[in-house]
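Here's the structure we're looking at; comments come further down.
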Amino acid sequence: MKIRIFNLIILVFLISCKKKEAQGNKFYEELSMQRKEMLVENIGKKYYEKNCISCHAGKVAKDNFLVNSVRNQKRNEIFFIDFITKQDSLLKYENKEALALKDWSNQNAYIHNFGFNDNEIKAILYYLKK
């Protein structure tokens with residue numbers, strides 16, 4: 001009988017330790033995720049300020065079409081990646097969304113052909129969403 005009680009106590013102790021360990025891991029996972037999000041946002045901010053702000057103005061400008069499009073999710077992420085890196089190809093092959101954007105901007109002569117990789121553009125988009 002004493003052995004069963006002792007085994008039961010050990011079992012309860014082990015279960016409670018595992019539960020505390022899982023709760024502790026969740027805390028650290030959330031903290032890690034927050035740090036990753038802050039890093040991605042800061043990288044996006046750096047790229048935006050270095051490459052985009054001269055034409056698209058600051059992130060808080062009322063008439064910043066890029067920020068409004070990203071925040072309102074008027075277009076998907078894949079479109080933005082292509083539009084930023086291969087705008088000339090989109091226009092050449094008469095992509096309707098790209099042509100609409102050019103019409104909206106009064107046929108602005110500037111063509112986006114940045115050498116960003118997908119993760120860099122995703123960082124910019126993440127920054128603009130915040």
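Any read-out appearing in this document is the output of simple, stated calculations on the displayed coordinates, not a laboratory observation. Just so you know, these numbers come straight off a predicted model, no measurement behind them. Cβ atoms come from the backbone with ideal geometry, glycine included; neighbour counts cover every protein chain shown.
Taking Cβ atoms as reference points and 14 Å as the exclusive limit, the residues near residue 45 contribute a net charge of +2, counting Lys and Arg as +1 and Asp and Glu as -1.
Pairs with C-alpha atoms separated by more than 19 Å, drawn from the list 59/86; 45/122; 59/122, are 59/86. Cross-link partners of residue 92 among aspartates and glutamates, defined as those whose alpha carbon lies under 14 angstrom from its own and excluding same-chain residues fewer than eight positions apart: 82. Backbone phi angles across the range 122-130, fed through the Karplus curve with coefficients 6.51, -1.76 and 1.60 (θ = phi - 60°), yield HN-Hα couplings of 4, 5, 4, 4, 4, 4, 5, 6, 6 Hz in residue order; Gly and Pro are listed as x.
The calculated FRET efficiency for the pair residue 117 and residue 28, based on their C-beta separation and a Förster distance of 22 Å, comes to about 0.15. Calculated FRET efficiency, residue 37 to residue 72, Cβ-Cβ distance, R0 = 22 Å: about 0.60 to the nearest 0.05. In order along the range 55-62, phi translates into HN-Hα couplings of 9, 9, 6, x, 4, 8, 5, 4 Hz, rounded to whole numbers, per the Karplus curve 6.51 cos²θ - 1.76 cosθ + 1.60 with θ = phi - 60° and x for Gly and Pro.
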